[in-house]
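Novice: Sending over a structure as structure tokens; questions will come in a sec.
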Amino acid sequence: MDEIRFELDCDLGTPHFHEEVEILYVLSGRVAVMTEGENFVMGPEALVVFNSFQHHELYREAGSHTLSAYISLEVMLQAQVGNIRCISNLQPEQEEWFGLLRVKLALIFRDHRQSRGERRLYILSELLGLLGILKQQFEKKEEKGTRGGAGTERIREVLLYIGKHYAEEMSLQELASHFYLSQSHLSREFQRLTSMAFSDYLRNLRLSKAAYMLLQSSASITDVALACGFSNTNTMIEGFKRQYGCTPGVFRKQKSEAVKEGELQESPDGVSYISLFRHIQYAGELQPLNKRIEEPLQLEIDVKKGNTPCVLCHREAASVGWARDLMLEPVRSAVRRAREEIGFCYLFTHGILDDSMDVYHEKPDGTPYLNFTYIDMIFDFERSIGIKPWIELGYTPKKLVSHITNIFGTSCINLPSYQERWVFLIEGVMRHLIERYGILEVKEWRFSPSPAVYSFYGVFSEKEYLDYYCYTARAIRRILPEACISAFGLDTGAVTQPGDSTLQHFVKYCAEHDCMPDEFSFQCFHSDYRGIDKRETEIRISSQEGNVSREPIPVSKDPDILSKEIKAVRKILDANGGAGLPIVLNSWNSTIWQRDLGNDTCFKAAFIVKNVLENAGSVKALGFNYLTDYSEKLFANPNVFHGGYGLITYQNLPKAGYQAYSMLNGLEEILVESGSGYTVTRSRDCRRIRILLYHYCHYDRQTRITSQIPEEEQRTFDRYYSFRDEGGLSFRIHLQKLEEGSYDMESYVVNREYGSSYDLWMSLGAPKEFTERQREYLERLAVPRYQYGRFQVMDTGRLDFSALLEPHEIRLICINKR
């Protein structure tokens, strides 16, 4: 191929240059390089790019081997690639891009070596991809727009012309005339760009072409001389003696064993290309680097900066929804696992007073009495694993409602009609809990009256709810004055709608009636409440069937909606008597729809990390809703990944979102710096640095599926089509003020290749019949990618490295001083 050629153990005898761009790759051993004021030593798998006409000098230690790829100047000009600075030893922050260059080079060399003719188009495709990386990531940007840039391009055209016509008679005067330039101007520019006179350049180019022809063909020395533009054989022989120290015949004999036509041969001591070919296996892993990316985000991090504690809210609470589900072993198994691996402090449940829990009863004469059998089973379990209950005191037993008008599934969401009997129920439950578990234990629990959310849909009026809350809160306090009451329960998106005053009225009412809660609880499902039909939405959320078939409320177009709504809520509280009281979310998720197919994907991992990090310090708890797919409605679905709400499937298989909590747990106690896409923390002694990166891509409301699709399509549909294609997110991280010494670096990655049980399920063919063996296989393999390295920090205290994340990827980088 004319576009690219390869050479094993290129000639290193003298300082030299060539018109082709050379990529030098070290197969084994070490090579010392001297070029344009930079001196460095390259070890195995290192690579460097030499530009056209760039002088360079190489010294190879005994037993070392190199592979050189020479790319024609014509291809470089067609690809509009300028001067490159690409030295793997001196640019550690670009290591991921060097990894992709190695992959491209390995693929090109493999196909070039084995079947150049048949796979020419494939080789050109990979070559153009390689040039695209060089241009985007390694081109010297400062050259653009500099003085003389247009002249440089003109001289490059001249050089391209010479490369095509070098075998013809040619003079500087004729060349200048051809390009409508003055001879003196052309001579000066030629000297400036190539550091040599035109005549020397032309002679060296002819010698280089002759040397290549001698090795690649069996043509006679006379034919080679004439084909390469020499007037006679003696002229070429004299040139060879000066350039290579021997005659053309001796040169051919010495090099004949290294190169044969059409392929590279192994040298006698057994050169191995394995150090290059092994990179082909990473082609799929590095595929995201081929996608569109923006300019790298430069992070200059002073690791000793800051002394603010890193206070996150992700472990404060999780929700399993219905309290009765805690009597199911699959749910208990998921809770045990999450408590042990993540360390959730509180478990939020609702429906503790629902008729299915068999708490409230009446004798034939109407006298109420209470049964705590099922309640005890639930709280005994929670205490046995060291997790504290967060109890929502609902739903209303049907015997306490005079006229049932609203049902959530099979439960009554009307407020109690008989206040006296309701207070009897609340006080009886509180007394029982204290008697069974002790006052010191119970006062650490959280208690929430039924939420105000149903007033938003018109199930009851605002006044009815305020009165209900007041007598419920007072009933709790009468039995346990130290009880932590977490109250309100409306969606942040609803209370921050223009013109809505529900939250203001609630806070003022609590202040006036001396029933202020200890913290204000909310829900947030990142929804767009503008223009929705409230009654229709409530039916779709509450009914047995509607919630599954289509999305009840559209997701917000704003990816930062949570932080904006929390700020708005904080402003309302501070202005109306709730200043200083904590904000907690007991029910939080990216959508209110429990069959959103994106729930199973890597999107949820980036969603969790982004919102936890961005709202650290603003909220006390972000209770994920729900821990498992045993959610509000349990609809049988043969697909293990069917868009379920939870972090864990029915089969107790963690999803990518679950892995996000492990990443968050890995952060250290001091916050160094935080911004869009990253957070940096450290230990107090600065010996441990943690960098958590994420690439969040929001829903695309134009392509998102908002109604349930058939089960078969769930196993074939590309669920990532529902999100914006943001390309790759590139970071260049520069750590400063590290202590001098040896460090370990570990990284953990969750993306579509690693840590996502859903994506691994898809790679298995999305089996409909999910067996225990398949579950065990996914459990074993769907873990974050782990990488380890060791490095030395010099007295500069600086460490530079890069990271490029694919959409929805999260990455935890751990740096530990040895």
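Novice: Kindly indicate which of 601, 537, 496, 591 is hydroxyl-bearing (Ser, Thr, Tyr), more than 26 Å from residue 461 (Cβ to Cβ) and at pLDDT below 95.
Specialist: 591
Novice: Are any of the residues in segment 644-653 surrounded by fewer than 20 Cβ atoms within 10 Å (Cβ to Cβ), touching a Ser or Thr at 6+ places or on another chain (Cβ under 9 Å) and either not assigned by TED's automatic domain parsing to the domain that holds residue 321 or not small (Gly, Ala, Ser) (or both)?
Specialist: Yes, that holds for at least one residue.
Novice: Of the numbered conditions (1) closer than 29 Å to residue 166 by Cα; (2) buried (at least 17 other Cβ atoms within 10 Å of the Cβ); (3) not charged (D, E, K, R), residue 121 satisfies every one except a single condition; which is it?
Specialist: Against the list (1) closer than 29 Å to residue 166 by Cα; (2) buried (at least 17 other Cβ atoms within 10 Å of the Cβ); (3) not charged (D, E, K, R), residue 121 comes up short only on (2).
Novice: Another question about this same structure. Taking residue 353 as the residue in question, decide whether it is buried (at least 16 other Cβ atoms within 10 Å of the Cβ), under 19 Å from residue 652 (Cβ atoms) and touching a strand residue (DSSP E or B) at 6+ places or on another chain (Cβ under 8 Å). Spell out the reasoning first.
Specialist: Details: buried (at least 16 other Cβ atoms within 10 Å of the Cβ): yes; under 19 Å from residue 652 (Cβ atoms): no; touching a strand residue (DSSP E or B) at 6+ places or on another chain (Cβ under 8 Å): yes.
When the stated conditions are applied, residue 353 does not pass them.
Novice: For segment 214-224, does any single residue satisfy the condition of being of a type in the set (A, V, I, L, M), at pLDDT 90 or above, under 21 Å from residue 20 (Cα atoms) and surrounded by 18 or more Cβ atoms within 10 Å (Cβ to Cβ)?
Specialist: The answer is yes; a qualifying residue exists.
Novice: What's the number of the condition residue 684 fails, among (1) part of a strand (DSSP E or B); (2) without any contact (Cβ under 8 Å) to a residue 40 or more places away in the chain?
Specialist: Just one mismatch for residue 684, condition (1).
Novice: State which residue is nearest to the chain's Cα centre (by Cα) when the search covers only segment 182-192 and only residues that are surrounded by fewer than 19 Cβ atoms within 10 Å (Cβ to Cβ) and of a type outside the set (S, T, N, Q).
Specialist: 192
Novice: Would you mention how many residues in segment 566-613 are among the β-branched types (Val, Ile, Thr), within 19 Å of residue 703 (Cβ to Cβ) and touching a Lys or Arg at 6+ places or on another chain (Cβ under 6 Å)?
Specialist: Number of matching residues: 1.
Novice: Applying the selection to segment 7-53, what residues are touching a Phe, Trp or Tyr at 6+ places or on another chain (Cβ under 6 Å) and either hydroxyl-bearing (Ser, Thr, Tyr) or at pLDDT 85 or above (or both)?
Specialist: Here is the first cut: in segment 7-53, the residues touching a Phe, Trp or Tyr at 6+ places or on another chain (Cβ under 6 Å) are 17, 20, 22, 32-33, 47, 53.
Scanning segment 7-53 gives 20, 22, 32, 33, 47.
Novice: Something else about it: Check 189, 238 and return the single one that is of a type in the set (Asp, Glu) and farther than 16 Å from residue 53 by Cβ.
Specialist: 238
Novice: Hand me the list of helices (runs of 4 or more DSSP H) wholly inside segment 381-470 holding 1 or more residues that are under 30 Å from residue 341 (Cα atoms) and of a type in the set (Val, Ile, Thr).
Specialist: Numbers: elements: 419-437, 439-442, 453-456.
Where helices (runs of 4 or more DSSP H) fall fully within segment 381-470 and carry at least 1 residues being under 30 Å from residue 341 (Cα atoms) and of a type in the set (Val, Ile, Thr), they are 419-437, 439-442.
Novice: Against the conditions (1) modelled with pLDDT under 85; (2) in contact with a Gly (Cβ under 8 Å, 6 or more places away or on another chain), where does residue 262 fall short? Just the number, please.
Specialist: Against the list (1) modelled with pLDDT under 85; (2) in contact with a Gly (Cβ under 8 Å, 6 or more places away or on another chain), residue 262 comes up short only on (2).
Novice: Which residue out of 690, 732, 704 is modelled with pLDDT under 95, of a type outside the set (Val, Ile, Thr), more than 13 Å from the chain's Cα centre (by Cα) and not in a loop (DSSP other than H, G, I, E, B)?
Specialist: After applying the criteria, what remains is 732.
Novice: If you don't mind, there's one more thing I want to ask. Would you pick out the residues in segment 659-707 that are hydroxyl-bearing (Ser, Thr, Tyr) and surrounded by fewer than 17 Cβ atoms within 10 Å (Cβ to Cβ)? Can you show your working first?
Specialist: Taking segment 659-707 as the starting set, the residues that turn out to be hydroxyl-bearing (Ser, Thr, Tyr) are 661-662, 674, 676, 678-679, 681, 683, 694, 696, 699, 703, 706-707.
Selection gives 676, 683, 703, 706, 707.
Novice: Inside segment 323-360, can you point out the residues that are in contact with a His (Cβ under 9 Å, 6 or more places away or on another chain) and more than 15 Å from residue 385 (Cα to Cα)?
Specialist: 323
Novice: If residue 628 satisfies all but one of (1) at pLDDT below 95; (2) surrounded by fewer than 15 Cβ atoms within 10 Å (Cβ to Cβ); (3) farther than 24 Å from residue 554 by Cβ; (4) touching an Asp or Glu at 6+ places or on another chain (Cβ under 9 Å), what's the number of the condition it fails?
Specialist: The single condition residue 628 does not satisfy is (2).
The values are calculated or read from the model by the stated rules, or taken from the named source; none is laboratory data. Keep in mind that this is a model prediction, so the values were computed, not measured. Note that each Cβ is placed from the backbone with ideal geometry, even for glycine, and that neighbours are counted across all protein chains shown.
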